Amino acid sequence: MGVQVSEVRVRSILTRAGGYLRAVCSHSLQPYRGCTFGRALCGAGCYVQHNRWLTRGAPWGGFLEARLNAAAAYRAAYTRERRWARRARGSFSVFMSSSTDPFVPQEDRFGLTRQVLEAMLELPPDLLILQTHTHRVLRYLDLYPRLLERTALRVHISIESDRDRLPGLPPPASPVARRLEAARTLKQAGVPVVVTVAPLLPIERPRAFFQRIAECADAVVIDHFIGGDGSPGGSGARTLATALPAAIARVAPAALELRYRDRMVALARELLPGRVGVGCEGFAGRYLP
Ligand code: SF4
């Protein structure tokens, strides 16, 4: 099954944050519509697939729209959106990205994420959170120290478990070991890096996993699909409608319950004291004491 790749020009690229993200940032920014990791492991439970406005009925992972003028649209909206954000939300903070991955393989061809980051060197937000599922984040390692001179940059790398496979589901877009190594490389380069264990999947060796994160990252954020997938009332209904829960149940049924998250949080706090966040508070950079 191929991927339909198309090119568009958008009117705006900065979306004022609502819902889960409202506590995290003032805006989200998606250089692409769709995500070509949608057929990888993270795509199985990805909450974006339920957004019909975004998918327009196309199968998740089967399309990618490149927003060719992403950087120009950022530049054009910068002054207005920064003014609004500072007034309404306290600061101009950008989450890149919440419904795509800024480092999909097609970024090699389009370079849209890079163009936006270069625009941010000239016109920096107050905070930039780069959120990714892949070691490809290292491709722009040359830019991050320069960005850090202009803005509070934080890189979030999603690593939901120490397992690369769950039964019946595809492999991840980027192996766990490579993502952990990417975190370590960023940290060594002085780039603040947070491992986001979200949504939390069954962990085979929890103590060793969190110990490794403690070495490779500045902090860890843990979130369960219950309360974390944007379902009404925090029920987790969106994820429960996907193939993910059955795969989790075949490995560790206890991981389907919120109590599993609490156990993992307690262990992580032992190994990373003061560096553990939970749910959207954690995504916002607020950690438990
Ligand atoms: S990388 Fe993110 S947006 Fe893309 S499929 Fe995975 S979870 Fe969804």
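Only the coordinates and a few stated rules stand behind these numbers; no lab work does. All values reported here derive from a predicted model rather than from experimental measurement. Here Cβ is always computed from backbone atoms with ideal geometry, including for glycine, and neighbour counts include all displayed protein chains.
Annotation for Val10 and Leu121: the two label points, set 7 Å from Cα along the Cα-Cβ direction, are 2.2 nm apart. Here the Kirkwood formula puts the hydrodynamic radius of region 4-283 at 19.0 Å, using every distinct Cα pair.
When peptides 22-32, 89-99 are sorted by average Cβ neighbour count within 10 Å, with the highest value leading, the order is 22-32, 89-99.
Among 283-289, 50-56, the peptide with the highest mean count of other Cβ atoms within 10 Å heads the list, and the full ranking is 283-289, 50-56. Stretching Ala152 away from Glu257 to a fully extended chain increases their span by 34.3 nm, per 0.36 nm per residue minus the current alpha-carbon distance. Relative to the longest principal axis of the Cα atoms of the chain, the long axis of helix 258-271 makes an angle of roughly 80 degrees. Within region 4-283, DSSP assigns beta bridges of which about 15% are antiparallel (rounded to the nearest 5).
For a modelled paramagnetic label at Glu215, 7 Å from Cα along Cα-to-Cβ, no residue of region 103-140 is in reach, as no backbone nitrogen comes under 11 Å.
Only helices enter the 222 nm calculation for the chain: every DSSP H run of n ≥ 4 contributes -39,500 (n - 2.57), and dividing by all residues gives -10500 deg cm²/dmol, rounded to 500.
Under conditions of 10 °C and 1.306 mPa s, region 113-247 yields 99 µm² s⁻¹ as its translational diffusion coefficient, taking Rh as the Kirkwood radius over Cα pairs in the Stokes-Einstein equation.
Please work out the C-alpha center-to-center distance from region 1-74 to region 212-289 and express it in whole Å. Here the two parts' Cα centres lie 23 Å apart.
Taking region 201-231 and a reference point 7 angstrom along Cα→Cβ of Ser91, the backbone N atoms nearer than 19 Å belong to 218-221.
With each label modelled as a point 7 angstrom along the Cα→C-beta vector, the Val176-Arg52 pair spans 3.7 nm.
How far apart, in nm, are the 7 Å Cα→Cβ label points at Ala208 and Ala241? Between Ala208 and Ala241, the simple spin-label model gives 3.8 nm. Annotation: peptides 40-48, 148-156, ranked by per-residue average of other Cβ atoms within 10 Å with the highest first, follow the order 40-48, 148-156. Ranking Leu166, Ala23, Phe225 by how far each Cα lies toward the positive end of the dipole of the chain (charges on Cβ) leaves Ala23 at the top.
Near Leu169: Cβ cut-off under 14 Å, other residues only, Lys/Arg at +1 and Asp/Glu at -1. The net charge is +2.
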